[in-house]
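**Q** Here it is: the structure, laid out below.
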Amino acid sequence: MLLRKLCPALALLLPHAAMAQAADTATGSLTIVQPLTITKDADLRFGSIVKPSTSGSVAISTAGARSVTDGVQALSAGDTPQAARFTVAGAGGRALSIQIPPSITLSSGTHALLVTTTSNLTGSLAAQVLSGTPEASGSLEVRVGGSVALTSTTEPGTYMGVLTVSAAYN
């Protein structure tokens with residue numbers, strides 16, 4: 001008798017149990033882009049100058065033009081002044097972040113000079129875009145100039161340092 005009472009109840013529950021399940025599908029995708037590369041095309045060079053008797057500065061624009069102020073005298077002989085140039089290449093049209101240090105140190109023995117850097121990039125360094133379209137390669141030219149303050153106590157010598165520019169996809 002109990003079985004007779006349960007069977008109709010089970011029959012009513014089974015259709016509801018089947019409708020309590022649902023399913024759907026999703027697709028997976030993966031986009032592979034070419035890696036970023038950075039190629040140094042030119043070093044940052046301030047050229048040759050005469051030690052100032054007072055103070056002044058020497059600067060290189062991102063276009064590579066040298067300028068001097070106050071007691072600094074530029075020489076035409078010696079190292080040709082130029083801005084540093086890098087080519088960043090990768091997947092066209094992709095956003096990327098460029099990292100350029102705000103300053104670098106040039107050293108000659110125990111003596112050091114601080115270079116304040118500038119770049120040709122406009123807007124945020126974290127919001128640059130490679131030329132081209134996603135189906136093709138793209139590139140971005142990064143030019144770095146800078147300025148150096150000099151005093152009458154700046155020691156003569158050849159001052160060298162390292163400028164590291166890096167990039168990453170956003």
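Just so you know, all these numbers are worked out from the coordinates, no wet-lab data involved. Note that the structure is predicted; figures quoted are calculated from it, not measured. Methodologically, a virtual Cβ is constructed for each residue, glycine included, from the backbone with ideal geometry; neighbour enumeration extends over all protein chains shown.
**Q** For the chain, what does -39500 (n - 2.57) per DSSP helix run (n ≥ 4), summed and divided by total residues, give at 222 nm, in deg cm²/dmol to the nearest 500? Before the final figure, lay out each step's value.
**A** Numbers: 1 runs with 18 residues, N = 170.
The helix-only estimate for the chain comes to -3500 deg cm²/dmol at 222 nm.
**Q** Could you work out the relative contact order of the chain? I mean the mean sequence separation of Cα pairs under 8 Å and 6+ apart, divided by the number of residues, in percent.
**A** Values: 369 pairs, mean separation 44.8, N = 170.
Answer for the chain is 26 percent.
**Q** Oh, and also: Work from the charge dipole of the chain (Cβ charges, +1 for Lys and Arg, -1 for Asp and Glu, about the Cα centre) and give the residue of Asn170, Ser29, Gly123 farthest towards its positive end.
**A** Ser29
**Q** Quick one: putting +1 on the C-beta of Lys and Arg, -1 on the C-beta of Asp and Glu, what dipole do you get for the chain around its Cα centre, in Debye to the nearest 20? If you can, show how the numbers build up before the last one.
**A** On the way: 9 positive and 8 negative charges, 120 e Å.
Here the chain has a charge dipole of around 580 debye.
**Q** Determine, for Val72, Val129, the number of other Cβ atoms within 10 Å of each Cβ, and report the residues in order from fewest to most. Please list the in-between numbers first.
**A** Values: Val72 22, Val129 14.
Going from least to most buried by this count: Val129, Val72.
**Q** May I ask you to compute the full-extension gain from Ala126 to Ala77, defined as 0.36 nm times their residue separation minus their alpha-carbon distance, rounded to one decimal in nm?
**A** Additional length available on full extension: 13.8 nm.
**Q** Could you tell me which of Tyr159, Gly90, Thr80 has its Cα farthest along the dipole of region 70-170 towards the positive end, charges placed at Cβ (Lys, Arg +1; Asp, Glu -1), taken about the Cα centre?
**A** Gly90
**Q** If you don't mind, another one. Please list 3J(HN,Hα) in residue order for region 157-170, calculated via the Karplus relation 6.51 cos²θ - 1.76 cosθ + 1.60 where θ = phi - 60°; whole Hz, with x for glycine and proline.
**A** 3J(HN,Hα) across region 157-170, in whole Hz: x, 9, 9, 10, x, 10, 10, 10, 10, 10, 9, 8, 5, 7.
**Q** Here's a follow-up. For Tyr169 and Thr27, what does the FRET efficiency come to when R0 = 25 Å and r is the distance between their Cβ atoms, rounded to the nearest 0.05?
**A** 0.60
**Q** For the chain, find the longest principal axis of its Cα atoms and tell me its angle to the long axis of helix 2-19, 0 to 90°, nearest 10.
**A** Result, in degrees: 30.
**Q** By per-residue mean of other Cβ atoms within 10 Å, what is the highest-first order of 80-87, 35-42?
**A** Details: 80-87: 19.0, 35-42: 12.4.
Descending packing order for the listed peptides: 80-87, 35-42.
**Q** Right, here's the next one. Among (i) 2.05; (ii) 0.99; (iii) 1.03, find the value of Cα Rg over 2.2 N^0.38 Å that was calculated from the structure presented, and write down its label.
**A** The value matching this structure is (i).
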